[in-house]
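Trainee: My structure is below; once you've seen it, I'll send some questions.
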Amino acid sequence: MSDPFLHLWTVLLYFVHLLLSLSFHESAHAWTAWRLGDPTARYQGRITLNPLPHIDPIGTVLLPLISLLAGGIVIGWAKPTPVDPRYFRHPRRGQMLTALAGPVSNLLLATCFALVYHALRLMFTGGYRPGLVAELVLTICLVGVQLNITLALFNLLPLFPLDGSWVAEGVLPRRWLVYWYQAKPFMPFMLMALFLIPGFFGTLLTPVLRLLMHLLGVSDAWA
């Protein structure tokens, strides 16, 4: 397999994983909001694993492809799930739980991929070597673990409009909220500025990513 073909295959594998993982992420937002009383996203068809309703041209397509082709850490986002906190009994808490559901869903997905990986590895004990299909599934599982942990960590950063901003807003003492609301309009520009710093997100997220992959028992396999 030539290096250009291998690189193209890697880009395709990551991109398909990204589409499915972001769809799972946004569906978790929509489902949680619905369970807490807000039917807005459900009525707009956002509780679905079909990537089409969730695609954002920049966050789902352009930015991830640039990151992949450049060999950097893969991060991205989907079309924001519409949430109307007026439906929630406790608006701040409801907004926080709805936002938290996305990263949590990615961590659950990463755990599922890790479990499938370990189950397959147990099948290949005793000197039996896995075939091409099995090796492919193992690789898909490892990519799923790495990508979903990365998405969870990125989205937990406390910068609007990322999920972490709503989590931070939900736990901040009320006396600090006035300062938070003053800073909030500038956060998207701060986030864009951080993207312009080469390797910033890789340096920030990689230590925690490696720790979580180690806890899931796949760090050695990934290395």
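The values are calculated or read from the model by the stated rules, or taken from the named source; none is laboratory data. What you see is a predicted model, and the numbers here were worked out from it, not measured in a lab. Because the Cβ atoms are built from the backbone with ideal geometry, glycine has one as well, and the counts that use them run over all protein chains shown.
Trainee: Mind checking which residues of the stretch 196-219 are within 19 Å of Leu62 (Cα to Cα) and touching a residue at least 12 places away in the same chain (Cβ under 8 Å)?
Mentor: Across the stretch 196-219, the qualifying residues are Gly199, Phe201, Gly202.
Trainee: Another question about this same structure. Any residue at all in the stretch 99-106 that's at pLDDT 95 or above, out of contact with any helix residue (DSSP H, G or I) (no Cβ under 6 Å at 6 or more places or on another chain) and under 24 Å from Pro53 (Cα atoms)?
Mentor: Within the stretch 99-106, the subset at pLDDT 95 or above is 99-106.
Those still in the list that are out of contact with any helix residue (DSSP H, G or I) (no Cβ under 6 Å at 6 or more places or on another chain) too: 104.
Going one step further and asking which of them are under 24 Å from Pro53 (Cα atoms), we end up with 104.
Scanning the stretch 99-106, I find at least one residue that is at pLDDT 95 or above, out of contact with any helix residue (DSSP H, G or I) (no Cβ under 6 Å at 6 or more places or on another chain) and under 24 Å from Pro53 (Cα atoms), so the answer is yes.
Trainee: Which condition does Thr81 not pass, out of (1) β-branched (Val, Ile, Thr); (2) closer than 14 Å to Ala33 by Cα; (3) in contact (Cβ under 8 Å) with a residue 60 or more places away in the chain, if it passes all the others?
Mentor: Failed condition: (3).
Trainee: Let me spell it out: the conditions are (1) part of a helix (DSSP H, G or I); (2) in contact (Cβ under 8 Å) with a residue 12 or more places away in the chain; (3) touching a Gly at 6+ places or on another chain (Cβ under 9 Å), and Ile73 meets all of them except one. Which number is the exception?
Mentor: (1)
Trainee: Is it true that Pro103 is without any contact (Cβ under 8 Å) to a residue 12 or more places away in the chain, within 20 Å of Leu20 (Cβ to Cβ) and within 17 Å of the chain's Cα centre (by Cα)?
Mentor: Details: without any contact (Cβ under 8 Å) to a residue 12 or more places away in the chain: no; within 20 Å of Leu20 (Cβ to Cβ): yes; within 17 Å of the chain's Cα centre (by Cα): yes.
So Pro103 fails the test.
Trainee: Another question about this same structure. Pairs, please: C-beta under 7 Å, at least 6 apart or cross-chain, first residue modelled with pLDDT under 75 and in the stretch 1-21, second charged (D, E, K, R) and in a helix (DSSP H, G or I)?
Mentor: Note: no pairs meet the criteria.
Trainee: Is the stretch 93-100 home to any residue that is surrounded by fewer than 15 Cβ atoms within 10 Å (Cβ to Cβ) and touching a residue at least 40 places away in the same chain (Cβ under 8 Å)? Spell out the reasoning first.
Mentor: Pass one, the stretch 93-100, residues surrounded by fewer than 15 Cβ atoms within 10 Å (Cβ to Cβ): 93.
Checking which are touching a residue at least 40 places away in the same chain (Cβ under 8 Å) leaves us with 93.
Yes - at least one qualifying residue is present in the stretch 93-100.
Trainee: Mind checking which residues of the stretch 30-63 are buried (at least 18 other Cβ atoms within 10 Å of the Cβ), over 12 Å from the mean Cα position of the chain (by Cα) and assigned to a helix (DSSP H, G or I)?
Mentor: Matches in the stretch 30-63: Ala30, Trp31, Thr32, Ala33, Trp34, Ala41, Pro53, His54.
Trainee: Right, something else. Take Leu108 and tell me if it is surrounded by fewer than 20 Cβ atoms within 10 Å (Cβ to Cβ) and assigned to a helix (DSSP H, G or I).
Mentor: Details: surrounded by fewer than 20 Cβ atoms within 10 Å (Cβ to Cβ): yes; assigned to a helix (DSSP H, G or I): yes.
Considered against the rule, which asks whether it is surrounded by fewer than 20 Cβ atoms within 10 Å (Cβ to Cβ) and assigned to a helix (DSSP H, G or I), Leu108 comes out as yes.
Trainee: Here are some residues: Val167, Val133. Which one is closer than 21 Å to Phe15 by Cα and either in a helix (DSSP H, G or I) or in contact with a strand residue (DSSP E or B) (Cβ under 8 Å, 6 or more places away or on another chain) (or both)? Give the derivation first.
Mentor: Details: Val167 fails: closer than 21 Å to Phe15 by Cα.
Checking each option against the conditions leaves just Val133.
Trainee: Continuing with this model, one more query. Just one of the numbered conditions (1) more than 15 Å from the chain's Cα centre (by Cα); (2) surrounded by 15 or more Cβ atoms within 10 Å (Cβ to Cβ); (3) among the aromatic types (Phe, Trp, Tyr) is not true of Trp77; which one?
Mentor: All conditions are met except number (1).
Trainee: Follow-up question, since we're still on this one. Go through Ala168, Ala152 for me and flag whichever is surrounded by 11 or more Cβ atoms within 10 Å (Cβ to Cβ) and within 19 Å of Leu68 (Cβ to Cβ). I'd like the intermediate steps shown before the answer.
Mentor: Details: Ala168 fails: within 19 Å of Leu68 (Cβ to Cβ).
None of the others qualify; the one that does is Ala152.
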